[in-house]
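The values are calculated or read from the model by the stated rules, or taken from the named source; none is laboratory data. Quantities reported herein were computed from a predicted structural model and do not represent experimental measurements. All Cβ positions, glycine included, derive from the backbone under ideal geometry; neighbour counts span all protein chains shown. Note: areas computed on protein heavy atoms with side chains; ligands, DNA, RNA excluded. Shrake-Rupley method; radii C 1.70, N 1.55, O 1.52, S 1.80 Å.
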Amino acid sequence: PPPPPPERTRLDLLEFFHFAQVSIGDGTLCDFGHPRQHPCTRGGHRTRWQRELRTDEDGVTFGRSRSRRFKIHVPHFDSGDARLTLKLRTPAARTIVAYLGNKKLGTAELERETWQTIGFDVPADALKRADNVFDLRLRGGGKRGAVADVDWAYLGAPGESLESPRWARSISNESGQNVILVPEGTGIDTSFVVPENTRVALTVAGTTRTASVHVTARTDSDPANQPLFQRELRPEQRSTETISLNQLSNQLIRLRFAAVDGDVIVESARIMEQIDEEESSEPSSESTERARNLVIVLIDTLRADHLTAYNPSTRVRSEFFQKVAENGVVFESAQAQENWTKPSVATLLTSLYPTSHNAQSGEAVLSP
């Protein structure tokens with residue numbers, strides 16, 4: 001048989017597990033006190049959340065608000081009514097009021113200095129597909145009641161009760177390898193654009209009882225979960241699988257690994273992309289001229305839609321950059337990795353996420 005085409009790892013899902021979104025059932029879980037908190041708070045710089053991720057004496061990880069009014073961003077994809085559930089505590093505030101947009105969802109009584117679980121019903125007509133911004137406001141308690149500690153927040157179906165969720169978490173197996181334990185009923189969601197000729201290389205294992213792993217995807221054009229793969233695992237059985245993503249090429253997808261009827265261990269999960277022979281071979285130094293100079297022009301706090309290359313109707317004149325755009329390449333989809341300068345520029349210069357280069361405070365510097 002002909003040799004298999006060369007491949008490269010497009011995305012190692014275990015390496016970037018701390019960026020994944022955790023789902024329980026059909027709902028979305030925000031885990032505060034963990035790097036996964038940041039998508040739900042839009043970072044920590046100049047938001048209404050303190051930057052530090054905290055742990056109390058009982059081992060509970062939590063995030064702390066900066067003021068008595070704070071916001072939580074929770075994605076949601078299903079139609080129908082929902083319920084927002086939070087586990088929180090506050091030093092002295094007496095009540096908390098929840099809003100979604102301009103709609104008041106309700107008021108809940110609070111017990112001082114006590115972890116408690118509260119919930120608010122969310123009508124379907126108030127929900128948006130994808131990002132929903134919940135505005136939470138503490139009342140009473142004076143200055144001592146001006147902050148809240150939040151352990152987790154969950155947006156799911158009205159009938160789902162969530163008291164003590166089990167987290168999908170990174171653990172070490174008997175060989176010392178880092179793996180992901182996915183508890184029963186829990187999923188791990190990762191979003192990315194699917195290149196052509198792509199597959200998922202997956203190795204999973206059972207635990208103490210029979211379970212099954214389900215792999216699904218939803219796209220921008222189809223909010224329903226499309227089944228891609230399902231496999232039953234006997235206790236401690238290991239299985240290595242290949243899942244083609246060719247039918248989803250060039251689409252933005254939300255890929256989910258879910259454990260059903262038991263816990264599942266994900267030992268390896270990589271998005272593998274085929275590359276052609278020319279791209280896989282090293283160019284010869286004789287035939288390729290090396291670039292000699294690279295100039296980066298970096299402008300701080302400049303919005304793309306104020307440049308004519310992105311927004312012809314802008315009132316801002318930028319003739320030079322328009323000429324550069326007309327004679328060069330314009331990237332139409334690019335996002336900063338943080339909402340302030342230092343970590344964003346450190347990412348630009350190192351190709352590392354802020355949680356890897358750690359230049360995330362006013363005093364931070366990049367290591368050599």
- Task: For E163, state whether it is open to solvent by 70 Å² or more (accessible area, probe 1.4 Å), out of contact with any Pro (no Cβ under 6 Å at 6 or more places or on another chain), modelled with pLDDT of 90 or more and under 30 Å from F17 (Cα atoms).
- Result: no
- Residue pairs within 9 Å by beta carbon, gap of at least six or interchain, first lying in the stretch 232-259 and free of Cβ contacts under 8 Å to residues at least 24 places away in the same chain, second open to solvent by 20 Å² or more (accessible area, probe 1.4 Å), listed first then second, are E232/T210; E232/D261; Q247/Q226; Q247/L228
- Message: Considering only residues that are closer than 20 Å to D125 by Cβ, modelled with pLDDT under 95 and among the small types (G, A, S), which ones fall in the stretch 46-99?
- Response: S79, G80, A82
- Message: Residues that are among the hydrophobic types (A, V, I, L, M, F, W, C), open to solvent by 10 Å² or more (accessible area, probe 1.4 Å) and over 30 Å from A92 (Cβ atoms): does the stretch 209-216 have at least one?
- Response: no
- Task: Specify the residue that is modelled with the lowest pLDDT; the eligible residues are those in the stretch 298-319 that are farther than 16 Å from Q337 by Cβ and open to solvent by 90 Å² or more (accessible area, probe 1.4 Å).
- Result: R303
- Query: What are the residues in the stretch 79-112 that are open to solvent by 60 Å² or more (accessible area, probe 1.4 Å) and not in a strand (DSSP E or B), if any?
  - Reply: S79, D81, R94, N102, E111
- Query: Can you pull out the residues in the stretch 24-42 that are open to solvent by less than 10 Å² (accessible area, probe 1.4 Å), at pLDDT below 90 and more than 12 Å from the chain's Cα centre (by Cα)?
  - Reply: G27
- Message: Given the options G145, G206, G185, G176, name the one that is surrounded by 12 or more Cβ atoms within 10 Å (Cβ to Cβ), of a type outside the set (D, E) and more than 23 Å from R231 (Cβ to Cβ).
- Response: G145
- Name the pairs whose Cβ atoms lie under 7 Å apart, with the first residue in the stretch 125-139 and open to solvent by 50 Å² or more (accessible area, probe 1.4 Å), the second part of a loop (DSSP other than H, G, I, E, B) and hydrophobic (A, V, I, L, M, F, W, C), and 6 or more positions between them or separate chains? R129/F77; R139/A93
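Name the one entry in S333, S356 that is exposed (fewer than 10 other Cβ atoms within 10 Å of the Cβ), out of contact with any His (no Cβ under 8 Å at 6 or more places or on another chain) and within 30 Å of G27 (Cα to Cα).
S333
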